[in-house]
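> Next up is a structure, given as structure tokens.
The values are calculated or read from the model by the stated rules, or taken from the named source; none is laboratory data. Since this is a predicted model, take the numbers as computed values, not measurements. Glycine also receives a Cβ, built like all others from the backbone with ideal geometry; neighbour counts cover every protein chain displayed. Quick note on the areas: whole protein, heavy atoms, side chains included, nothing else; ligands and nucleic acids left out. Shrake-Rupley method; radii C 1.70, N 1.55, O 1.52, S 1.80 Å.
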Amino acid sequence: MALRFVFEPRVGPDLGRDIVRLWADVTNAGGAVGFVPPVTAESVRPEWLKHLESMADGRTRLLVGYDEEGAVAATAFLALNAHRLMRHWLWLYTVMLHPAHQGKGYGRELMAAAGDAARSLDGIEGIRLTCRGGEGLERFYESCGYKEVGRVPSAIRVAPHDLRDDVTMWLPLH
């Protein structure tokens, strides 16, 4: 069964709690979503609050995927550009799929839904995202239509002797 996606859902305490829990679960399963395991929901919460503030300011939009039981199973944040020369594309951040749902094609559904959400916004012609090298994420995003357009070697320090590339991916929407 497919996920049900909602773009710009009503955000309340329950949704916030579920997203924070998802973020911790994804991180602790090895997901490259801004943290290094182990984390707790409380250690992730400050980042959620930053995203929430950006959504309140209208700079960021939220996409949520719900599983067949109505639980939050996936998210992506679409961040608009403030720079007048770059308002025709947006950033895709914090793309997460719960580990229990991996291998079912839901990641591709999430990326397709993110593309649809971006297309629904006036004037958006492309999506840019970055990912942590060494995780195989580039291959996944390429399979979803993205192209690698840049790489900064050793820009991400996961641990004292574990440096990863910061990879930039691009998806034109036309």
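> So, taking all protein chains as they sit and a 1.4 Å probe, how much accessible area belongs to residue 151, in Å² rounded to tens?
It works out to around 100 Å².
> I'd like to know how region 1-71 sits against the 2.2 N^0.38 Å rule of thumb: what's its Cα Rg over that expected value?
Here the Cα radius of gyration is 1.13 times the empirical estimate.
> Taking only C-alpha pairs under 8 Å that are 6+ residues apart, what is the relative contact order of region 72-174 in percent?
25 percent
> Moving on to the next point. If I take every Cα pair under 8 Å that is 6 or more residues apart in region 72-115, average their sequence separation and divide by the length, what percent do I get for the relative contact order?
That works out to 40 percent.
> If each of residue 6 and residue 56 carries a label point 7 Å out from its Cα toward its Cβ, how far apart are those two points in nm?
2.0 nm
> For 14, 166, what's the largest-to-smallest order of accessible area, 1.4 Å probe?
Details: 14 95, 166 45 Å².
Putting 14, 166 in descending order of accessible area: 14, 166.
> Modelling each spin label as a point 7 Å along the Cα-to-Cβ direction, I'd like the residue 49/residue 104 distance in nm, to one decimal.
Label-label distance for residue 49 and residue 104, simple model: 3.3 nm.
> Round to a whole number: what % of the accessible area of region 109-154 belongs to carbon and sulfur, probe 1.4 Å? Mind showing how you got there, number by number?
Values: 1050 of 2320 Å².
Reported share for carbon and sulfur atoms: 45 percent.
> From largest to smallest, what semi-axes in whole angstrom does region 89-174 give when each is the square root of 5 times an eigenvalue of its alpha carbon gyration tensor?
That gives 23, 17, 10 Å for the three semi-axes.
> Continuing with this model, one more query. Considering the Cα positions of the chain, please state its Rg to one decimal place and its Dmax as a whole number of Å.
Radius of gyration, then largest Cα-Cα span, for the chain: 15.5, 44 Å.
> At 0.36 nm per residue, and after removing the present C-alpha to C-alpha distance, how many nm does the segment from residue 42 to residue 121 gain when stretched out fully?
Length gained between residue 42 and residue 121: 25.2 nm.
> When all protein chains stay in place, what accessible area (Å², nearest 10, 1.4 Å probe) is found for residue 23?
Accessible area, nearest 10 Å²: 0 Å².
> Using only protein heavy atoms and a 1.4 Å probe, report how much of residue 53 is accessible, in Å² to the nearest 10.
120 Å²
> Moving on to the next point. Accessible area per residue for region 71-174 in Å², computed with a 1.4 Å probe and the full protein assembly in place, what is it?
Value returned for region 71-174: 52 Å² of accessible area per residue.
> Also, I was wondering about something else. Suppose the chain between residue 112 and residue 69 were pulled fully straight at 0.36 nm per residue; how much longer would it get relative to their current alpha carbon spacing?
Residue separation times 0.36 nm, minus the Cα-Cα distance, leaves 13.4 nm.
> For the pair residue 35/residue 151, report the inter-label distance in nm, with labels modelled 7 Å from Cα in the Cβ direction.
Distance between the two pseudo-spin positions: 2.9 nm.
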